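Enquirer: Handing you this structure, nothing more for now.
The values are calculated or read from the model by the stated rules, or taken from the named source; none is laboratory data. Just so you know, these numbers come straight off a predicted model, no measurement behind them. Glycine gets a Cβ as well: all are built from the backbone with ideal geometry, and neighbour counts include every protein chain shown. When the accessible area is computed, the model is the full protein with side chains, heavy atoms only, and any ligands, DNA or RNA have been set aside. Shrake-Rupley method; radii C 1.70, N 1.55, O 1.52, S 1.80 Å.
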Amino acid sequence: MAQGPHTHGRQVDFSRGDVRRSVLGVAAPMLVAQVLNLLYNIVDRIYIGKMPGEGTAALAGLGVCFPLITLVTAFANLFGVGGAPLCAIARGRQDRAGAARIMTNAAFMLAACGVALTVLGLVLQRPLLYLFGASDATYGYASDYLTIYLLGTVFVMVSLGLNPYINSQGFARTGMLTVLLGAVANIVLDPIFIYALGMGVRGAALATILSQGLSALWVLRFLTGAEAEFRLQLHGFRPDASCIGRIIALGASSFVMSFTDSLVQAACNATLRTFGGDLYISVMTVINSVRQIAQTPVMALSDGASPAISYNYGARNVPRVRQAIRFMTQLGFGYTALIWAAVSLFPAAFIGIFNHDPALLAAAVPSLHIYFFGFVMMAFQFSGQSVFKSLGKARQAIFFSLLRKAFIVVPLTLALPHVAGLGVNGVFLAEPISNCVGGLACYLTMRRTVGPELARMEADAAAQGVRR
């Protein structure tokens with residue numbers, strides 16, 4: 001009988017036991033945490049999209065805020081997802097002091113960037129919102145939401161950026177509870193602020209930043225407390241440029257991925273406003289929301305496998321690295337195939353979560369079919385990208401982030417609407433093309449580059465064993 005992963009309290013031990021159970025031991029609570037984190041914005045869209053008489057326009061206004069909101073996430077990922085694998089590798093080498101140093105420098109940069117983004121966002125929001133697809137009819141909704149959201153940027157940066165350091169230590173349940181606290185608060189506060197107090201989109205934004213503030217306080221309480229394996233060391237702290245550089249080098253792939261998401265959203269909104277008007281910006285807002293729901297489990301799986309891959313790579317335990325990669329890829333492929341089938345068979349049910357406007361539904365159903373075609377190929381993108389990040393291969397991870405979004409989706413989004421009268425359909429067609437081309441390119445390159453490296457590590461370990 002396969003032995004489950006050894007734990008110290010709630011901490012998963014990546015070095016022993018069944019690798020699949022180790023991955024799921026982290027991925028399951030991370031899935032809950034990511035679903036709860038998704039609720040921060042998804043719940044906002046659900047309530048806003050169903051506001052009587054103005055839901056569709058308000059949804060479009062929220063949609064043009066997405067590029068800027070995603071940009072905040074990009075900076076959180078730069079120092080969060082960038083430093084967490086380095087911490088896991090350091091743990092695998094038993095270098096706890098080095099792991100703590102990485103985390104503390106990341107916390108400093110998260111706070112500093114949060115302040116800078118708040119100031120720049122407030123100053124530049126009007127021209128940026130119009131650039132990203134706002135019209136005179138939707139600008140008021142967008143500005144009301146974004147102004148309040150930006151005031152909570154530091155909360156968002158801390159809660160999103162430091163939570164991966166809890167997971168990298170194996171405390172996935174604690175990471176889940178971090179998000180649970182804020183998500184429950186958001187679900188409770190949204191209807192109170194939006195409807196009971198009549199604040200509309202401003203109420204949705206206020207509920208979100210207050211909830212993120214609670215999550216941020218929880219993260220800081222844990223990472224400065226006695227239960228953490230390595231803690232934030234703020235006393236006498238001085239930024240370490242070399243350490244920050246390594247975090248940025250690895251986190252650049254996640255930053256580029258989120259930044260290019262922001263770029264894609266801006267390109268889609270601007271193009272859709274030209275070819276379809278505000279209605280199709282509302283449609284894209286709904287479809288993006290459905291995509292976020294659909295891809296969250298496979299993202300949690302790849303993120304859950306990452307600490308196990310990083311730890312065992314640092315410990316030079318190649319068989320466990322291979323097992324984690326294989327399990328992540330197979331399970332991800334199976335899941336994305338099932339969700340593609342579900343969205344294809346029941347599109348109206350997914351769209352109806354956010355809005356029941358007959359005009360929006362009529363436009364969104366065919367657009368959803370186009371957008372989700374070949375969704376199964378996303379499993380290969382997430383698998384390859386996760387392995388590159390987990391093994392500290394920053395350049396490869398950055399390249400494939402850029403390839404799928406910046407080099408494929410954005411040019412196609414701008415060009416296809418002009419081809420053969422495709423119009424708005426061309427915007428939605430760009431995504432499946434990028435999934436197929438970018439996903440396969442990323443995965444096949446990972447197999448051809450990482451496989452030989454792992455084989456050399458095995459050969460070296462065998463040679464050392466013979467010499468001993």
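Enquirer: So which of G213, G175, G161, G170 ends up being at positive phi and either assigned to a helix (DSSP H, G or I) or crowded, with 24+ Cβ neighbours inside 10 Å (or both)?
Expert: Checking each option against the conditions leaves just G170.
Enquirer: Here is a follow-up. Answer yes if at least one residue in segment 224-231 is open to solvent by less than 60 Å² (accessible area, probe 1.4 Å), farther than 24 Å from A27 by Cβ and among the polar types (S, T, N, Q), and no otherwise.
Expert: The initial filter retains those residues of segment 224-231 that are open to solvent by less than 60 Å² (accessible area, probe 1.4 Å), namely 225, 228-230.
From what is left, the residues that are farther than 24 Å from A27 by Cβ are 225.
Those still in the list that are among the polar types (S, T, N, Q) too: none.
Within segment 224-231 (the criterion being open to solvent by less than 60 Å² (accessible area, probe 1.4 Å), farther than 24 Å from A27 by Cβ and among the polar types (S, T, N, Q)), the answer is no, since none of the residues qualifies.
Enquirer: What's the total number of residues in segment 212-261 that are aromatic (F, W, Y) and within 15 Å of S168 (Cβ to Cβ)?
Expert: Qualifying residue count, segment 212-261: 2.
Enquirer: When the residues of segment 268-285 are filtered to those that are among the hydroxyl-bearing types (S, T, Y) and under 26 Å from the mean Cα position of the chain (by Cα), which remaining residue is most open to solvent (accessible area, probe 1.4 Å)?
Expert: Y280
Enquirer: So, in segment 321-358, how many residues would count as being more than 24 Å from V43 (Cβ to Cβ) and either surrounded by 21 or more Cβ atoms within 10 Å (Cβ to Cβ) or of a type in the set (A, V, I, L, M, F, W, C) (or both)?
Expert: Residues flagged as more than 24 Å from V43 (Cβ to Cβ) and either surrounded by 21 or more Cβ atoms within 10 Å (Cβ to Cβ) or of a type in the set (A, V, I, L, M, F, W, C) (or both) within segment 321-358 amount to 15.
Enquirer: Can you tell me which residue within segment 72-100, out of those that are among the charged types (D, E, K, R) and touching an Asp or Glu at 6+ places or on another chain (Cβ under 9 Å), is surrounded by the fewest Cβ atoms within 10 Å (Cβ to Cβ)? Even if it seems obvious, please write down each step before you answer.
Expert: Restricting attention to segment 72-100, the residues satisfying the condition of being among the charged types (D, E, K, R) are 91, 93, 95-96.
Still in the list and also touching an Asp or Glu at 6+ places or on another chain (Cβ under 9 Å): 91, 96.
Details: R91: 24, R96: 15.
Among those that are among the charged types (D, E, K, R) and touching an Asp or Glu at 6+ places or on another chain (Cβ under 9 Å), it is R96.
Enquirer: Let me ask you something else. Please determine whether any residue of segment 453-465 is open to solvent by 60 Å² or more (accessible area, probe 1.4 Å), basic (K, R) and under 29 Å from the mean Cα position of the chain (by Cα).
Expert: There is no residue in segment 453-465 that is open to solvent by 60 Å² or more (accessible area, probe 1.4 Å), basic (K, R) and under 29 Å from the mean Cα position of the chain (by Cα).
Enquirer: Hey, among the residues in segment 236-267 that are under 14 Å from the mean Cα position of the chain (by Cα) and among the β-branched types (V, I, T), which one's least open to solvent (accessible area, probe 1.4 Å)? First the steps, then the outcome.
Expert: Here is the first cut: in segment 236-267, the residues under 14 Å from the mean Cα position of the chain (by Cα) are 251-262.
From what's left, among the β-branched types (V, I, T): 256, 260.
Numbers: V256: 22, T260: 2 Å².
For segment 236-267, the residue satisfying everything is T260.
Enquirer: For residues that are open to solvent by less than 40 Å² (accessible area, probe 1.4 Å) and farther than 27 Å from R238 by Cα, tally how many sit in segment 101-152.
Expert: 17
Enquirer: Read through the list (1) more than 22 Å from F259 (Cβ to Cβ); (2) at pLDDT 90 or above, then give the number of the only condition that G374 fails.
Expert: (2)
Enquirer: Let me ask something additional. Does any residue in segment 312-330 that is among the charged types (D, E, K, R) come within less than 7 Å, Cβ to Cβ, of a residue that is part of a helix (DSSP H, G or I) and modelled with pLDDT under 85 six or more places away or on a different chain, and which pairs are these?
Expert: R316/A461; R320/V19; R320/N312
Enquirer: Taking segment 35-71, which residues are open to solvent by 10 Å² or more (accessible area, probe 1.4 Å), within 17 Å of Y130 (Cβ to Cβ) and in contact with a Gly (Cβ under 7 Å, 6 or more places away or on another chain)?
Expert: L68
Enquirer: Going through segment 22-34 one residue at a time, which ones are of a type outside the set (G, A, S) and either modelled with pLDDT of 80 or more or open to solvent by 10 Å² or more (accessible area, probe 1.4 Å) (or both)?
Expert: L24, P29, M30, L31, V32, Q34
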